[in-house]
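Worksheet: the structure to be examined is printed underneath.
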Amino acid sequence: MGETILKWLAAFIVCLILQTTLIPSIAIFSIQPDLIIMVFAFMCMRHGVMPGIFIGFFLGLSLDLYSPSMLGQNALAKTVIGFFLGFFNEKVMRTDTIMKIIILLISFFIHDIIFFGAELIKNGSSIIPLIPDLFTRTLPRAVYTIIVTFIVILWNTTIKPNLKR
Amino acid sequence: MYWIIQFIIRHKDVSSLFLTVFLSLLMLTANTGRQQKIARSLTVSIFYPFQFTAHQATRIKNIFAENKKLKEEITNLSTKYALLEEVAAENKRLRGLLGFEKKISYTLLPARAVVREPSYIYRSIVISIGKKQGVSKYMPVVNKDGVIGKITQVMQNISLVQLVRDPSERISVMIKKNHEVGILETIDSKNFFVQYRKHAEVNNGDTIVTSGLGGIYPKGLNVGIVTGIKDSDDPLFKDVSIKPCVDFEHIEEVFVMQLDPQWAAFLSELDSINIE
């Protein structure tokens, strides 16, 4: 149990460091893959709803600590997607790669609707400008993340075992 | 009471969701207080050493090209500097003759952006200098293109910069050619606008600079260019869209202007109001 927690904690810290340092250098037209959501999705699908909610909350909160004005914004978004992703727990439901990609795509949309919705509502403005943003910001980011995820899965399932042999 | 506990135990997933969502909303609606500041200081201090190391690793690959480019820039700038020194001396002499008061003077402290907020639209950065190097709260931060933001937290060797694109940041600006003053705002960290009176003379391509009225940013720093003008919901005003001069996606080298805010004498009173 303790080992699992430490493993995921280390994974999140590494992702956080990469997200703020190396990832901006592989951005395409300012679109970057979101490693944090990627690893968080893997974690939720492995461990279920309850860890998804609480780790989502604390992970989001730690991300919020960087932002000077919107404490709670990431926490809210990550808690809700943690709840959503936890339903697809591998111990309860078997999902193939295509299904996982679709779930990840939906999570990005839920995350960004809550994330930007909260910001717009807090600033007292309409949430209508959010709709085009979902296609110009969220979709490319989700697709880029899914490509990176696919490479990671491919590495873990095909290339790495062959290298060991 | 018993049945509430029973309900929570039976529906622990939903109860946990409600609890965490409630806490998130509570934080979203709360004012920034001392607790948040301490928590942020701790986080930035804990993550900073790791991020700084990783950042240095990425920098090494570009260091040779950067070095060559910088040498060229130094040559160019030295020539310009020599010319400017001459102009400054002349300016000083003429000002003395006209009896003008001395302009605000400041030192530029060079720094590097070492950490960005992990969100993909980041509204704050951490820079590599802090209290030890003479940085203090509310100092303006600029780069060669224009205004980046202001210092909101200072630690020993690092500082947190709130970017201009943070929706809570509003800057007093003016049109460079006719000194028409307005407030620069953004609601989505992407589109910037200033509301001007209907009859104000504003055209596409006009340069927007800081007005010096907010007390933090000195007058005349580049902010952006007018890219569009449209009618506002209020019949007395028009909305002027601004494209910022600074490319917020690629902030690397920055300068902190060692300049106290004009209201520095009331700083402690203002901070105590904020905490309450």
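The values are calculated or read from the model by the stated rules, or taken from the named source; none is laboratory data. Just so we're clear, the structure is a prediction, and the values are computed from it rather than from any experiment. Please note: Cβ atoms are built from the backbone with ideal geometry, for glycine as well, and neighbour counts cover all protein chains shown.
Inspect the stretch A:85-92 for any residue being within 15 Å of the chain's Cα centre (by Cα), closer than 25 Å to B:Ala113 by Cβ and at pLDDT 85 or above and give the result as yes or no.
So the first thing to find is which residues in the stretch A:85-92 are within 15 Å of the chain's Cα centre (by Cα), and the list is A:85-86, A:88.
Still in the list and also closer than 25 Å to B:Ala113 by Cβ: none.
No: the stretch A:85-92 contains no residue that is within 15 Å of the chain's Cα centre (by Cα), closer than 25 Å to B:Ala113 by Cβ and at pLDDT 85 or above.
Within the stretch B:9-66, how many residues turn out to be modelled with pLDDT of 75 or more and outside any helix (DSSP H, G or I)?
So the count comes out to 1.
Does A:Lys100 meet the test of being of a type outside the set (Ser, Thr, Tyr), more than 8 Å from chain B (Cβ to nearest Cβ) and surrounded by 24 or more Cβ atoms within 10 Å (Cβ to Cβ)? Please lay out each step first, then the result.
Details: of a type outside the set (Ser, Thr, Tyr): yes; more than 8 Å from chain B (Cβ to nearest Cβ): yes; surrounded by 24 or more Cβ atoms within 10 Å (Cβ to Cβ): no.
Against the criterion (of a type outside the set (Ser, Thr, Tyr), more than 8 Å from chain B (Cβ to nearest Cβ) and surrounded by 24 or more Cβ atoms within 10 Å (Cβ to Cβ)), A:Lys100 does not qualify.
Restricting to the stretch A:55-69, and then to whatever is within 7 Å of chain B (Cβ to nearest Cβ) and touching a residue at least 24 places away in the same chain (Cβ under 8 Å), can you tell me which residue is surrounded by the most Cβ atoms within 10 Å (Cβ to Cβ)?
Applying the first criterion (within 7 Å of chain B (Cβ to nearest Cβ)) to the stretch A:55-69 yields A:57, A:62-63, A:65-69.
In the following step, the residues that additionally are touching a residue at least 24 places away in the same chain (Cβ under 8 Å) were identified as A:57, A:62-63.
Details: A:Phe57: 25, A:Ser62: 21, A:Leu63: 21.
Checked the stretch A:55-69; the qualifying residue surrounded by the most Cβ atoms within 10 Å (Cβ to Cβ) is A:Phe57.
Looking only at the stretch A:111-126, which residues are at pLDDT 80 or above and surrounded by 17 or more Cβ atoms within 10 Å (Cβ to Cβ)? Spell out the reasoning first.
Pass one, the stretch A:111-126, residues at pLDDT 80 or above: A:111-121.
A:His111, A:Asp112, A:Ile113, A:Ile114, A:Phe115, A:Phe116, A:Ala118, A:Glu119, A:Leu120, listed by residue number.
What is the number of the single condition among (1) out of contact with any Ser or Thr (no Cβ under 9 Å at 6 or more places or on another chain); (2) at pLDDT 85 or above; (3) under 30 Å from A:Phe116 (Cα atoms) that B:Met174 does not meet?
Failed condition: (1).
Which residues, taken from the stretch B:190-231, are assigned to a loop (DSSP other than H, G, I, E, B), crowded, with 16+ Cβ neighbours inside 10 Å and of a type in the set (Gly, Ala, Ser)?
Across the stretch B:190-231, the qualifying residues are B:Ala200, B:Ser211, B:Gly212, B:Gly214.
Look through A:Thr158, A:Thr138, A:Thr79, A:Thr145 and report the one residue that is among the hydroxyl-bearing types (Ser, Thr, Tyr) and modelled with pLDDT under 85. Spell out how you get there, then give the answer.
Working: A:Thr138 fails: modelled with pLDDT under 85; A:Thr79 fails: modelled with pLDDT under 85; A:Thr145 fails: modelled with pLDDT under 85.
Step by step, each of A:Thr158, A:Thr138, A:Thr79, A:Thr145 is checked, and only A:Thr158 is among the hydroxyl-bearing types (Ser, Thr, Tyr) and modelled with pLDDT under 85.
Quick check, is A:Lys91 more than 25 Å from B:Ser189 (Cβ to Cβ) and crowded, with 19+ Cβ neighbours inside 10 Å? So that I can check it myself, show each step before the final result.
Values: more than 25 Å from B:Ser189 (Cβ to Cβ): yes; crowded, with 19+ Cβ neighbours inside 10 Å: no.
Here the answer is no, as A:Lys91 does not meet what is asked.
Please work out if A:Pro129 is at the interface with another protein chain (Cβ under 8 Å from one of its Cβ atoms) and either surrounded by 15 or more Cβ atoms within 10 Å (Cβ to Cβ) or under 24 Å from A:Ile31 (Cβ atoms) (or both). Don't jump to the end; show me each part of the working.
Details: at the interface with another protein chain (Cβ under 8 Å from one of its Cβ atoms): yes; either surrounded by 15 or more Cβ atoms within 10 Å (Cβ to Cβ) or under 24 Å from A:Ile31 (Cβ atoms) (or both): yes.
Taking the combined requirement at face value, the residue satisfies it.
Scanning the stretch A:14-36 for residues that are more than 7 Å from every other protein chain (Cβ to nearest Cβ) and of a type in the set (Val, Ile, Thr), which turns out nearest to A:Ile55 (Cα to Cα)?
By that ranking, first place goes to A:Val14.
Can you name the residue in the stretch B:158-187 that is assigned to a loop (DSSP other than H, G, I, E, B), surrounded by 18 or more Cβ atoms within 10 Å (Cβ to Cβ) and within 14 Å of another protein chain (Cβ to nearest Cβ) and is also farthest from the chain's Cα centre (by Cα) among such residues?
First, the residues of the stretch B:158-187 that are assigned to a loop (DSSP other than H, G, I, E, B): B:158, B:164-170, B:176-180, B:187.
Of the ones still in play, those that are also surrounded by 18 or more Cβ atoms within 10 Å (Cβ to Cβ) are B:158, B:164-167, B:169, B:180.
Subsequent filtering for residues that are within 14 Å of another protein chain (Cβ to nearest Cβ) retains B:158, B:164-167, B:169.
Values: B:Ile158: 15, B:Val164: 4, B:Arg165: 7, B:Asp166: 8, B:Pro167: 11, B:Glu169: 8 Å.
In this case the residue turns out to be B:Ile158.
Condition check: surrounded by 19 or more Cβ atoms within 10 Å (Cβ to Cβ), more than 22 Å from B:Ala30 (Cα to Cα) and either in contact with a Phe, Trp or Tyr (Cβ under 8 Å, 6 or more places away or on another chain) or at pLDDT 90 or above (or both). Does A:Gln32 satisfy that?
Details: surrounded by 19 or more Cβ atoms within 10 Å (Cβ to Cβ): yes; more than 22 Å from B:Ala30 (Cα to Cα): yes; either in contact with a Phe, Trp or Tyr (Cβ under 8 Å, 6 or more places away or on another chain) or at pLDDT 90 or above (or both): yes.
Considered against the rule, which asks whether it is surrounded by 19 or more Cβ atoms within 10 Å (Cβ to Cβ), more than 22 Å from B:Ala30 (Cα to Cα) and either in contact with a Phe, Trp or Tyr (Cβ under 8 Å, 6 or more places away or on another chain) or at pLDDT 90 or above (or both), A:Gln32 comes out as yes.
Look through the stretch A:77-88, keep the residues that are at the interface with chain B (Cβ under 9 Å from one of its Cβ atoms) and among the aliphatic types (A, V, I, L, M), and return whichever of them is surrounded by the most Cβ atoms within 10 Å (Cβ to Cβ).
A:Ala77
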